[in-house]
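Just below is one structure, and these are the notes that go with it.
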Amino acid sequence: MIRSLPRSRNYNWSFNLFIIAYFVFLFAPLLVTCVLAFNDSNYPSLPWQGFSLDWFVSSGPERVGLFFDDQNLRSILTSFQTAFFVAILSVVVGTCASFLFEKEDFRFKGVLYFLMLAPLVIPGVILGISLLLAANTAGTFFDETFGLDFDLFRPSFWLVVLGQFSFISTFVTLVVSARLRKFDKSLEEAALNLGATQLSVIWYITLKFLRPAIIGAGAVAFLMSFENFNTTLFLVGSEPTLPINLYLQVRDGSTPVINAISLMLIVGTSLLAMVNLYFTKKEE
């Protein structure tokens with residue numbers, strides 16, 4: 001839409017109606033989920049039975065609220081731990097990869113760049129199955145050949161971390177690389193001419209310039225890991241993450257405690273997004 005062009009009243013009404021309908025479609029389900037977290041009902045759905053905080057603070061025995069639900073609290077903690085390690089690994093490896101791909105004399109850059117992007121276009125289900133089969137094959141090989149048994153090659157916490165890292169690190173690489181392309185390399189040359197070491201130049205100049213992109217990519221990597229379901233489903237062991245735990249509860253029949261969890265996640269991710277936006281704007 002070009003602002004300088006004349007617009008009819010019908011066009012303005014249609015445009016505004018479309019914007020309203022779009023945001024209603026986007027946020028209405030989230031609003032209903034948040035409201036139902038306070039519903040005095042034993043089912044996570046309408047009709048409205050009255051206001052209640054039981055699904056947050058009730059200790060039982062008839063109702064168990066979120067803050068007294070050991071199973072859900074453990075899954076939340078597992079998701080936080082998984083997302084933390086995935087974000088750290090993705091930021092470190094993704095930042096190093098961005099430096100590598102921005103080198104002009106890097107051989108086979110096109111082929112390796114294509115391979116790096118492959119996990120982003122492969123469906124998460126296929127990626128999860130492939131990682132599981134590869135881990136089982138490697139575990140069987142080490143067991144039969146050397147008599148060694150590694151927990152890493154069985155569905156477990158660290159296999160989930162590696163599985164999520166395999167595609168989230170690609171996203172971090174793309175974000176940091178986009179920022180690195182805007183970097184003025186003459187700043188590095190000037191610092192080197194003034195006697196700075198290569199490590200000092202990277203630490204005090206290059207990484208400082210990349211800090212907004214690194215922080216933003218790390219925050220998004222954390223959220224992507226926290227909510228991942230498709231890949232995690234095939235790699236999870238005895239410690240289910242929150243999405244897997246919620247799936248099992250919904251499949252078997254659950255209470256409005258899942259609405260309470262959804263509300264806490266919506267609030268938490270919104271606060272994290274605002275904090276990330278604030279610090280990113282501040283850095284820029």
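The values are calculated or read from the model by the stated rules, or taken from the named source; none is laboratory data. Given the structure is predicted, the values throughout are model-derived calculations rather than measurements. Virtual Cβ from ideal backbone geometry, glycine too; neighbours counted across all protein chains shown.
In a residue-by-residue description of region 129-152, the property of being closer than 19 Å to residue 216 by Cβ, touching a helix residue (DSSP H, G or I) at 6+ places or on another chain (Cβ under 8 Å) and acidic (Asp, Glu) applies to no position. Given the condition in a helix (DSSP H, G or I), farther than 28 Å from residue 206 by Cα and aromatic (Phe, Trp, Tyr), answer yes or no: does some residue in region 128-145 qualify? The answer is yes; a qualifying residue exists. Checked against the criterion of being more than 24 Å from the chain's Cα centre (by Cα) and either assigned to a helix (DSSP H, G or I) or modelled with pLDDT of 90 or more (or both), the candidates 32, 24 yield just one match: 24. Note on region 65-88: residues that are in contact with a Ser or Thr (Cβ under 7 Å, 6 or more places away or on another chain) and buried (at least 16 other Cβ atoms within 10 Å of the Cβ) total 8.
When we screen 186, 166, 130, 156 for residues that are among the small types (Gly, Ala, Ser) and touching a Pro at 6+ places or on another chain (Cβ under 9 Å), the only hit is 166. Give the number of residues within region 244-282 that are under 29 Å from residue 212 (Cβ atoms) and surrounded by 15 or more Cβ atoms within 10 Å (Cβ to Cβ). Residues that pass the stated criteria total 8. Is it true that some residue in region 90-108 is surrounded by 14 or more Cβ atoms within 10 Å (Cβ to Cβ), assigned by TED's automatic domain parsing to the domain that holds residue 173 and under 30 Å from residue 252 (Cβ atoms)? Checking region 90-108: not a single residue is surrounded by 14 or more Cβ atoms within 10 Å (Cβ to Cβ), assigned by TED's automatic domain parsing to the domain that holds residue 173 and under 30 Å from residue 252 (Cβ atoms). Each residue in region 60-79 was checked for being closer than 12 Å to residue 239 by Cα and not polar (S, T, N, Q), and 4 pass. State whether the residues of region 49-59 include one that is among the acidic types (Asp, Glu), farther than 26 Å from residue 175 by Cβ and modelled with pLDDT under 95. Yes, there is a match, as at least one residue in region 49-59 is among the acidic types (Asp, Glu), farther than 26 Å from residue 175 by Cβ and modelled with pLDDT under 95.
Conditions tested, residue by residue: (1) of a type in the set (Asp, Glu); (2) over 19 Å from residue 83 (Cβ atoms).
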site	(1), (2)
182	no, yes
189	yes, yes
221	no, no
232	no, no
267	no, no
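Within region 179-212, the only residue that satisfies the criterion of being crowded, with 17+ Cβ neighbours inside 10 Å and among the small types (Gly, Ala, Ser) is 191. Screening residue 260 with (1) farther than 25 Å from residue 124 by Cα; (2) part of a helix (DSSP H, G or I); (3) in the same structural domain as residue 81 (by TED's automatic domain parsing) gives one miss only, at (3).
Going by the structure shown, is residue 55 assigned to a helix (DSSP H, G or I) and either surrounded by 15 or more Cβ atoms within 10 Å (Cβ to Cβ) or touching a Leu at 6+ places or on another chain (Cβ under 8 Å) (or both)? Before you say what the answer is, go through the steps one by one.
Numbers: assigned to a helix (DSSP H, G or I): yes; either surrounded by 15 or more Cβ atoms within 10 Å (Cβ to Cβ) or touching a Leu at 6+ places or on another chain (Cβ under 8 Å) (or both): yes.
So residue 55 fits the description; yes.
Every test in (1) modelled with pLDDT of 90 or more; (2) not assigned by TED's automatic domain parsing to the domain that holds residue 224 is passed by residue 11 save one, and that test is (1). Restricting attention to region 136-178 and to residues that are in contact (Cβ under 8 Å) with a residue 60 or more places away in the chain and more than 30 Å from residue 103 (Cα to Cα), the residue that is surrounded by the most Cβ atoms within 10 Å (Cβ to Cβ) turns out to be 160. Could you please let me know if residue 42 is free of Cβ contacts under 8 Å to residues at least 24 places away in the same chain, surrounded by fewer than 18 Cβ atoms within 10 Å (Cβ to Cβ) and of a type outside the set (D, E, K, R)? No; evaluated as a whole, the condition is false for this residue.
With respect to residue 60, is the statement that it is within 23 Å of residue 266 (Cα to Cα), surrounded by fewer than 12 Cβ atoms within 10 Å (Cβ to Cβ) and not charged (D, E, K, R) true?
Values: within 23 Å of residue 266 (Cα to Cα): no; surrounded by fewer than 12 Cβ atoms within 10 Å (Cβ to Cβ): yes; not charged (D, E, K, R): yes.
Taking the combined requirement at face value, the residue does not satisfy it.
Out of (1) over 24 Å from the mean Cα position of the chain (by Cα); (2) acidic (Asp, Glu); (3) closer than 26 Å to residue 119 by Cα, what's the single condition that is false for residue 188? Condition not satisfied by residue 188: (3).
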